[in-house]
Amino acid sequence: MEIPIFQVDAFTGKVFGGNPPAVCPLNQWQNDSVMQSIAQENNLSETAFFVREGDSYHIRWFTPVAEVNLCGHATLASAFVIFNYLDTSVKEGSFDSRSGLLKVVQGNDGLLSMDFLSLPPKLCKPPDELLKRLRKEPTETL
């Protein structure tokens, strides 16, 4: 099995700076245990795997120990790889993920921006430490 790997220094303009994830473009999904092993061997905060599906991509992220639901810097790094190495004709892309649709656009200055999804707030029980410090019961906590 041969899988390309890119290491991209996200959030920086200099080599060995920023927050570097690994990016692995795939032609088809690999077994979860294989992707987990690759992420473990990469030993970076995240390894992004993506597969093209029509005009967009499906993306998944793995830390060295588990799959995660969302990773912004690895998504930006994946878009960087697409825009600069895999399909230089595009300057925007969409990634379908466990957390929803993420859109990335490359501006005229070469910088990437991403629309993060927004989830509505949910009522929750306030932590005991918060209640202790407030010294008053809140009407609701989100």
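Throughout, read-outs are computed from the coordinates displayed, never taken from laboratory work. In this text the structure is predicted, and so the values were computed from the model without any measurement. When we count neighbours, we look across all protein chains shown, and the Cβ atoms used for this are built from the backbone with ideal geometry, even at glycine.
So if I take the centroid of the Cα atoms in the range 80-97 and the same for the range 1-71, what is the distance between those two points in Å?
Value for the Cα centre distance between the two parts: 14 Å.
Within the chain, what is the longest stretch that has no chymotrypsin sites (Phe, Trp or Tyr not before Pro) placed in a DSSP loop and near at most 14 other beta-carbon atoms within 10 Å? Write out the running numbers ahead of the final one.
On the way: sites that count: Phe11, Phe16, Trp29, Phe116.
By the stated rule (loop sites, at most 14 other Cβ atoms within 10 Å), 30-115.
Name the trypsin sites (Lys or Arg not before Pro) in the range 32-133 that are in a loop by DSSP and that have at most 16 other C-beta atoms within 10 Å, would you? Please report the intermediate quantities before stating the final value.
Values: sites: Arg52, Arg60, Lys91, Arg98, Lys103, Lys122, Lys132, Arg133; in loops: Lys91, Arg98, Lys122.
For trypsin sites (Lys or Arg not before Pro) across the range 32-133 that sit outside H, G, I, E and B with at most 16 neighbouring Cβ atoms in 10 Å, the list reads Lys91, Arg98, Lys122.
Can you compute 3J(HN,Hα) from phi for each residue in the range 30-47, using the Karplus curve 6.51 cos²θ - 1.76 cosθ + 1.60 with θ = phi - 60°, rounded to whole Hz and x for Gly and Pro?
My calculation for the range 30-47 gives 9, 4, 3, 5, 5, 5, 5, 5, 5, 4, 5, 5, 4, 6, 10, 4, 9, 10 Hz in order.
Quick one: how many lysine pairs does the chain have with C-alpha atoms less than 29 Å apart and a gap of 8 or more or different chains? Give me the count, please. Display every interim value, and only then the final one.
Values: Lys14/Lys91; Lys14/Lys103; Lys91/Lys103; Lys103/Lys122; Lys122/Lys132; Lys122/Lys136; Lys125/Lys136.
Qualifying lysine pairs in the chain: 7.
Starting from 0.36 nm per residue, how many nanometres of slack lie between Ser89 and Arg133 once their C-alpha separation is accounted for? Please report the intermediate quantities before stating the final value.
On the way: separation 44, 0.36 × 44 = 15.84 nm, distance 5.51 nm.
Roughly 10.3 nm would be gained on extension.
Rounded to whole Hz and in sequence order, give me ³J(HN,Hα) for the range 113-124 from the Karplus expression 6.51 cos²θ - 1.76 cosθ + 1.60, θ = phi - 60°, writing x for Gly and Pro.
10, 10, 8, 7, 6, 10, 9, x, x, 10, 5, 8
Considering the chain as a Gaussian network with a 10 Å cut-off on Cα pairs, which listed residue, Leu117, Leu131, Leu70, attains the greatest mean-square fluctuation?
Of Leu117, Leu131, Leu70, the Gaussian network model singles out Leu131 as fluctuating most.
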